[in-house]
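A quick write-up on the structure given underneath.
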Amino acid sequence: MLLAALPHVVQAQSREADQALEDLIPDAALDDPKAWANDTDAAKVPVPDPKMLLSPDAIAPLTGIPAITLAWPDATELPPITPLAPDADIGAAAEQAKAAGDALATDTDPGSGRGIGQIPDASLFPVSPQLTLAFPPEADILPEREAVTERFGMLAALRKFGNEEDNLAQLTRRARQDTDLLQQVLKVYGYYDAEVFQSTTGYTAPAEGSGPAPTIDLRKVGVRFDVRPGPRYTFSRISLGDIASARDAAVLTRAFALAPGDPVNSDRIVAERDHLITALGEGGHAFAQVGVPDLSIDHAQRTGELAVPVTSGGQYVIGQVRSSLPDYLSARHLSRLARFRPGDTFRKSRIDDLRQAILATGLVSSVTVTPREAAPAADQKPGVADIDVTLAKAPQRTIAGLIGYSSGEGVRVEASWENRNMFPPEGLVRFRGVVGTREQLAGATYRRNNFFGRDQVLTADLYAQTRRTNAYNARTLSFSTTFEKQTTLIFQKAWVWSTGIELLATSELPAAAGSARTTYFIGALPLRGAYDGSNDLLDPKRGARVSLRFSPEISVQNGTRSSYVRVQFDASAYQPVSRRVVLAERMRLGTIPGTSVSGIAPSRRLYAGGGASVRGFAYQAVGPRDALGNPSGGRSLSEFSLEARVKTGLMSGAVSVVPFVDAGTVGTTASPTINGLKIGMGLGVRYQTSFGPIRIDLGTPLNPAKGDSRIGVYVSLGQAF
């Protein structure tokens, strides 16, 4: 391989190379490399026999190895060890730790044995197990000590320390921050010359030169701040802009309940400014402006001078309401929603209420309600402010679905389509259908919201339905119209009412053997009045509700005419037992005087049992039964329920468990009774959503009749009552 490579190397050699190279490779090698290689001495060296290389005689022992003469260590002088220079970062950290310990250490007064600055017989207010505030024992020196402790506790950096990741330097830094924070908190209440002294327990700084500091368990270190508040500053002067020139200056001045001589208090300044804004807005000052308060402190006099920039702008009455979309929601309709009339004194709360009411229609995605000067205010005459309403349309059409299940009624699926403003303003048209195990329905609804007044609703409903229950099989065609005053989530009313007309033609077959299908023509005038004293429309936690339904009816079947009255009384109450537990009770009493059971269509009789009645029993399973055990209904009803709604804290408090007990009975006479009372009990789960709780209940009957199921399952939206 060497020889094969040489021609490539030689070709690159110059014939005028230096002598050393010339001796190694003469010019003859350039002329005939092969001949030159064969003539070299290297080419004539004999090649040894491979067998000789393996002969033991060919391996000669090594001789002439020099002796090792290294002296033993005890006879050798080693050079002294030079210590390494300390690492700059480690040294700095050690200095910081020592400085932190010195800053945290508490100096002791030799005379009293207390830390320097500690207050004798101090009143102690713990912020956390390791953090305490100490105040003078006389409460009048700092009356706001509890408020100071609470505010400081919410902001203090030291309220959480002692973790494994903490160290002495961090603890010292937090103590220094909290010292400054506590002084700032005291200034909020007017103590601008307060002194704060920090002391610690569970830590003692090591003596000078005693070596490295021992390891400190910061969980055993306590920090105490002693507060000497000093004198409290007071207001020397308060300026409220041009309020003095307003017609209602006395009212506005009283609304800002601070006066010279009162203690300086930043919280009070903010609160009274809000009170002043409210008084201006409710007192007709439609265009008033209130600026940011400016507090100037005079440390020499220990006083504060407060200036609140106020421009009252005169008083106004309300003029006309103007709509930016008159063909969509007219000004006339918006005026019906308003809780004011032209000529009323301007009140900002009424303007805000109008905005909420417009949003509640579901027809707008955004709304702005702004006063606009129509006539200026004079010295003795109020101005006029029109109300401009700027609207942005929201989608008008909705497709919705609902699915439910109970062990007595099976599966029920409902779907609907609606246009909420097909006939402006707020003329809703809805088509709906129901497909279920025991019910099929097709219907159409026309609804006019805010009809001749706010929260007044006119409804016309037409539907065809087939319904099969354990008590009857009915095919019904119904038309009804209702005019009612409703309660809403925005404005939950104490009193509501409704009145209407109901016309039905229903062909019904009782479940009893041998019964014939009968057609009933029924006319009714349903009336309802209700009182709601609960605190929440969807999920009440306190208060009570009472309602009464009264419906005179005439029924004609097979040429026989019957007259009777359906009456139902409902009452419920809610009491918070603790922060997590609400106790809820319900009672329902019903009666149908005026005729016998046979004169009442099976679908109009009274029944009990099911998810909205006596849980644990099937739908309509409580009450009189025929010879085959099928429910036959009655003329009186008694129901009672008791449940505890217990928040679990699961899923951010959205999940609750609800143990319950229900009881009920149905009688064939018109007088409600408790004879034959059926009792069911069980456990429910509630999952709170933005549109109300989702309810799942499992109940079992305690005294079932023959054929009753041992378990009832109920799934629906909303609380049981």
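The values are calculated or read from the model by the stated rules, or taken from the named source; none is laboratory data. This is a predicted model, so every value here is computed, not measured. For neighbour counting, all protein chains shown are included, and Cβ atoms are generated from backbone atoms with ideal geometry for every residue, glycine included.
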Scan Arg341, Arg273, Arg302 and give me the residue that is under 17 Å from Ala385 (Cα atoms) and either modelled with pLDDT of 95 or more or in the same structural domain as Thr361 (by TED's automatic domain parsing) (or both). Arg341
Is one or more of the residues making up the range 703-711 part of a strand (DSSP E or B) and among the charged types (D, E, K, R)? no
Being touching a residue at least 60 places away in the same chain (Cβ under 8 Å) and more than 22 Å from Leu363 (Cβ to Cβ) is the filter here; which residues of the range 393-426 pass it? Leu402, Gly404, Tyr405, Ser406, Ser407, Gly408, Glu409
In the range 555-578, is there at least one residue being of a type outside the set (Gly, Ala, Ser), out of contact with any Lys or Arg (no Cβ under 9 Å at 6 or more places or on another chain) and closer than 30 Å to Met681 by Cα? yes
If you take the residues of the range 227-270 that are touching a Leu at 6+ places or on another chain (Cβ under 8 Å) and part of a strand (DSSP E or B), which of them is nearest to Ser312 (Cα to Cα)? Ser239
Test: Ala157 is in contact with a Lys or Arg (Cβ under 9 Å, 6 or more places away or on another chain), among the aliphatic types (A, V, I, L, M) and at pLDDT 90 or above: no
Criterion: in contact with a Pro (Cβ under 9 Å, 6 or more places away or on another chain), over 30 Å from Gly609 (Cβ atoms) and surrounded by 15 or more Cβ atoms within 10 Å (Cβ to Cβ) - qualifying residue of Ser335, Ser312: Ser335
Note on the range 104-133: residues assigned to a strand (DSSP E or B), at pLDDT below 75 and among the polar types (S, T, N, Q) are Thr108
For the range 459-498 the number of residues that are within 40 Å of the chain's Cα centre (by Cα) and either among the aliphatic types (A, V, I, L, M) or within 25 Å of Ala618 (Cα to Cα) (or both) is 5
Would you call Tyr328 under 30 Å from Ala618 (Cα atoms), in contact (Cβ under 8 Å) with a residue 40 or more places away in the chain and either out of contact with any Ser or Thr (no Cβ under 8 Å at 6 or more places or on another chain) or in the same structural domain as Ala249 (by TED's automatic domain parsing) (or both)? no
Looking at the range 244-289, which of its residues are farther than 14 Å from Gly190 by Cα, among the acidic types (Asp, Glu) and surrounded by 14 or more Cβ atoms within 10 Å (Cβ to Cβ)? Asp248, Glu272, Glu282
Which ones in the range 315-332 are in a strand (DSSP E or B), in contact with a helix residue (DSSP H, G or I) (Cβ under 9 Å, 6 or more places away or on another chain) and buried (at least 17 other Cβ atoms within 10 Å of the Cβ)? Ile318, Val321, Ser323
